[in-house]
Each structure stands twice: as structure tokens, then as C-alpha cells.
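What follows is one structure encoded as C-alpha cells, with my remarks underneath.
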Amino acid sequence: MTGKPTSVDDQLVAMNEALVVAGIRQHELTEQAKKLNEQLQGEINVRKNSEEALRQAQAQLADRASQLEGLVTERTAKLQELVGELEAFSYGITHDLRAPLRAMQSFAHLLEEDYSAKLDDVGRSYLHRIASAASRMDKLVQDTLVYSHVLRVDLRRESVDAEKLLRDMFESYPDFQEPKAEVIIEGRLPAVQANEAALTQCFSNLLNNAIKFVAPGTKPRVRISADYRGEMVRFWVADNGIGIAERHWGKIFGMFQRLDTSYEGTGIGLTIVRKAMERMGGTVGVESEPGQGSRFWLELKPADNRKNA
Amino acid sequence: MNTRTILYVEDEENDVFFMQHAWKKAGISNPLKIVTDGEQALQYLAGEGKYANRDEYPLPSLVLLDLKLPKMDGLEVLQWIRTQPAIQTLAVIILSSSNRPEDLRAAYARGANSFLVKPSTPGGLAGVVASVKDYWSNSNGLPPGISAD
């Protein structure tokens, strides 16, 4: 051993002191560990709580989702029921409402045919009025049906060759041919994204108007052409008719709107066009001046040739 | 044409009247028999009840069939006809006030020979009668089981 010799007592005292220090240190460490433990427990509790909250929220969410799903199913069923009812309603109109009209028209015609000689001019004119009123109502019923069809039918879009569609239409309607009318396609008409039946209806309504609204004695001349407006294809149907004042341009597309009642019509034709175009993602419009003819246009997306090539 | 019978299935009294009128005007001598609902049509074709008397109610060689009928509609009648061996190939022309594509499709799918839309004037009906006449003269030979006089 080196240094000052120590007594056993001294050594004991020193060891005791060391033990006390170690005891204190141990106590301190235990306290620290306890605190840490408590802290951890606290954190675990917080976590447990939030997990519980999360679980509850998820359960609520699932509950809501299934409620919503149920609601959607229920509403869809109701909507389908409504569409079905509308369908049945239209069917009823076709059959039951038109049958008495058909009878009125037919009996008036029979009277005209078989008993005309027994009537004077006034009587014959009354008969004529009965027949034409019944016929007008029949046309109204039919046009309303077409409109309700355009409203609810599924208008699936495909690439439609507008030029072929129009040429087929000219062929089947003598009213669009010489000598009754001169209807010409100028240039090439591009294919568009449309529903063929609906687009046929639109062109047919525009063309019928074009050849109908001419001054008495005027031969209808209609020019159909196309150009591009940005991304869209615009078809023009230009006529030599009586024309429309600018203040009426918006009005004519409204239901049952007729500007000139000396021309036969129901006032539904352009409403059908507007609705059909809207449902095909397109638009319709007009430029016109009284006495200068009208230029109606239909705007649609061009057919995607990459897809259809 | 000859004396073969035509059966007209129609519940609308006025339509029956107009058809008989057009028939007379067109100078068609073939008897036009009328029944007014789908069940009667079946009884007539099957020769049941009073229709068992084939002298008075001969088996028709053409049926003009309305679609919307009481008790049993036109499509059901048509479907039934196509399942009866004796009259399976009987000519059936649908005469309807509807021109809905789904009605046309349903009628042809069940075996209708033709589909005509009821016209609203006697002139139009004369056209229908003419096309019935045409249909007649264009159908070569009669289906088995149907006697041509």
C-alpha cells in the first residue's frame, strides 16, 4: 500500500458514506424511473383514448356511409319509379288521349267526304275547323311526347356523320326535295359527338322550320354548312324565310312560344332542339333579321377521330 | 283477294267503325270479324265457346291486332299465337296508335309480321287497308293448317 495508512474505522466510514451516496443515487434513479413510467403511462392513456375516439369516429363514419348508401338506393329507386311512371303516363297519353282525337278527326273527314253536298259553305267551314282543331291538338300531344322522350331517354353519344345523316333525311322526306324546296349542303360536314336519333330530330326540326316560315309564294331555299368555333363544330342552317327580330331570338326556344300564328305549329319544335342539344353537351342559337332569312346553328364537339379511326 | 276471313282485335269502338268503313270503301269482300279484347281473341282462335262454330267464325288467315287491349294485351295474344302449333305461322299485323321504338321492337321480337301505326284520318286508314291488301297478295302460299278458299 502507498500513502497514509488508514484505520479500519476510517475505511468503514468511507464505505458507509459511499453507500449513502449510492442509496441516494438509487433513490433518485428510482424516482426518475417512476416519473418516466408515469409519463409513459400518461402517453399510453392519451394514445388509448385517441385510439378509442378514432374507433368511434370510424364506426360513426361507417354508420353514416351505410345510411347514405341506403338513402341513395332509396332515392334511386324512387327516381326510377318516377321515370317508370312518366313512361306509363306518356304511354297512356299516346293511347288514350289520342284515340278520341283520332275519332274526332276521322268523323269530321267522313262527314266532309260523304255529306258535303248536304252542307252549305258555312257548314263545311265549321267542319273544316273541327278537323283542323283536332289535328292541331293531336300534333300538340305528339310534340309534348317527343319532348318528354328527349327529357328522359338515355342519349348515348357516338361519332355521327352529320352529312350522311342529312342526306338520308333528304331522301326520305319529299318536303326537303325539289320541286318543293331547295336544300343544299355546302362543303363537307364533319362528324360530331352526338346521339344520332337526337341529332336527326334537331336537324329535322330546324329544316322543317326553315321550309315552313317563308313568305307566301316563296320557294324555300336552305343552305347547310359547318365551321369551327374554337374546339366546337358549328352547323349552320340558313334559310330565305321571313326572319326573326333580334328581341325574339331568345324567346323562340321557349315552350309553346309562337311568333306568328298564321303559320301552323305547336311552339315545341325549338324547345325540343334546345333540350336535345343541351343533353348532348351542345348548344343552339340563331342569327336573323326580319325579311333577311334566319341562320340557325347547332354546336357540338367534333368526333374523336383517333378513337373512331 | 278471296273470301278468307280477317280477325280484327280492337277495343276502341270508333276504330272498329272506321276500319269497317274503310273496308267497305275499298271494296274488300272478305269478312272482317271483330273481337274486343285479348281473351276473346284467344277464344276465337282456339274455337272455344260460341267460336266453335267455324261456319260463322272461320279461322282467320290474317289477324289485325291492337296492342293495348283489355284483359290481355296484344303482345300477349301474339306470343300465345306463336306457341300454338295449329296457328303458329298465322299472319299477324299489329295496328297500334303507338309508334314507340320499344313497342315496335317488342312486337317484332314476338313474331309480328308487320307493324302499322293507326292513322288519324280516313284517308290514312285507306292506306293501311291498301297495305293489308298488299301484304296479302305478296304473301305467297299459306301456312299449313290454314285453308285458302
Of the criteria (1) within 14 Å of another protein chain (Cβ to nearest Cβ); (2) over 15 Å from the mean Cα position of the chain (by Cα), which one B:ASN53 fails:
(1)
Odd one out for B:PRO60, checked against (1) within 14 Å of another protein chain (Cβ to nearest Cβ); (2) touching a strand residue (DSSP E or B) at 6+ places or on another chain (Cβ under 7 Å); (3) modelled with pLDDT of 90 or more; (4) surrounded by 20 or more Cβ atoms within 10 Å (Cβ to Cβ):
(1)
Which numbered condition trips up A:ALA162, out of (1) farther than 30 Å from A:LEU79 by Cβ; (2) out of contact with any strand residue (DSSP E or B) (no Cβ under 9 Å at 6 or more places or on another chain); (3) more than 14 Å from chain B (Cβ to nearest Cβ)?
(2)
Number of the condition not met by A:ALA103 [criteria: (1) away from chain B (no Cβ under 13 Å); (2) closer than 25 Å to A:GLU264 by Cβ]:
(1)
Can you find, within the stretch B:18-28, the residue that is farthest from the other protein chains (Cβ to nearest Cβ) among those that are over 19 Å from B:LEU65 (Cα atoms) and in contact (Cβ under 8 Å) with a residue 12 or more places away in the chain?
B:ALA26
Exactly one condition in (1) modelled with pLDDT of 95 or more; (2) in a helix (DSSP H, G or I) is false for B:ILE34; which is it?
(2)
Going by what's in this entry, would A:LEU82 be described as away from chain B (no Cβ under 14 Å), hydrophobic (A, V, I, L, M, F, W, C) and over 20 Å from B:ALA126 (Cβ atoms)?
yes
Can you tell me which residue within the stretch B:63-84, out of those that are touching a residue at least 60 places away in the same chain (Cβ under 8 Å) and either among the β-branched types (Val, Ile, Thr) or more than 14 Å from chain A (Cβ to nearest Cβ) (or both), is nearest to B:MET19 (Cα to Cα)?
B:LEU64
All but one of (1) over 12 Å from the mean Cα position of the chain (by Cα); (2) part of a loop (DSSP other than H, G, I, E, B); (3) in contact (Cβ under 8 Å) with a residue 60 or more places away in the chain hold for B:ASP15, so report the exception by its number.
(2)
Which numbered condition in (1) over 17 Å from B:VAL16 (Cα atoms); (2) within 13 Å of another protein chain (Cβ to nearest Cβ); (3) without any contact (Cβ under 8 Å) to a residue 12 or more places away in the chain; (4) of a type in the set (Asp, Glu) is the only one that A:GLU87 fails?
(3)
Pick out the one residue from B:ARG100, B:ARG110 that is over 26 Å from B:THR3 (Cβ atoms), out of contact with any Gly (no Cβ under 8 Å at 6 or more places or on another chain) and more than 14 Å from every other protein chain (Cβ to nearest Cβ).
B:ARG110
Could we say that B:ALA91 is touching a strand residue (DSSP E or B) at 6+ places or on another chain (Cβ under 6 Å), of a type outside the set (Val, Ile, Thr) and modelled with pLDDT of 90 or more here?
yes
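Hey, does the stretch A:113-125 have a residue that's outside any helix (DSSP H, G or I), away from chain B (no Cβ under 14 Å) and farther than 22 Å from A:ARG274 by Cβ? Break it down stepwise before answering.
Pass one, the stretch A:113-125, residues outside any helix (DSSP H, G or I): A:119-120.
Filter again for away from chain B (no Cβ under 14 Å), leaving A:119-120.
Adding the requirement that they be farther than 22 Å from A:ARG274 by Cβ leaves A:119-120.
Yes, because at least one residue in the stretch A:113-125 is outside any helix (DSSP H, G or I), away from chain B (no Cβ under 14 Å) and farther than 22 Å from A:ARG274 by Cβ.
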Please determine, by comparing only the residues of the stretch B:113-134 that are touching a strand residue (DSSP E or B) at 6+ places or on another chain (Cβ under 7 Å) and within 13 Å of chain A (Cβ to nearest Cβ), which one is surrounded by the most Cβ atoms within 10 Å (Cβ to Cβ).
B:LYS118
Within the stretch A:234-284, can you find the residues that are in contact with a helix residue (DSSP H, G or I) (Cβ under 8 Å, 6 or more places away or on another chain), within 21 Å of A:VAL153 (Cα to Cα) and small (Gly, Ala, Ser)?
A:GLY254, A:GLY269, A:ALA276
Residue list for the stretch A:124-138, restricted to those being without any contact (Cβ under 8 Å) to a residue 12 or more places away in the chain and either within 21 Å of B:ASN14 (Cα to Cα) or more than 50 Å from the chain's Cα centre (by Cα) (or both)
A:ARG129, A:SER132, A:ALA133
Take the conditions outside any helix (DSSP H, G or I) and within 13 Å of chain B (Cβ to nearest Cβ) and apply them to A:ASP138. Does it pass?
no
Residue by residue through the stretch A:148-190, note down the ones that are surrounded by 16 or more Cβ atoms within 10 Å (Cβ to Cβ), closer than 14 Å to A:SER204 by Cα and hydroxyl-bearing (Ser, Thr, Tyr).
A:TYR173
Mind checking which pairs have a first residue in the stretch A:240-257 that is under 11 Å from A:LEU270 (Cα atoms) and a second that is among the hydroxyl-bearing types (Ser, Thr, Tyr), Cβ under 6 Å, 6 or more apart or different chains?
A:MET255/A:THR271
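The values are calculated or read from the model by the stated rules, or taken from the named source; none is laboratory data. Because the structure is a prediction, the values reported are computed rather than measured. Heads up, the Cβs are rebuilt from the backbone with ideal geometry, glycines too, and the neighbour counts pull from every protein chain shown.
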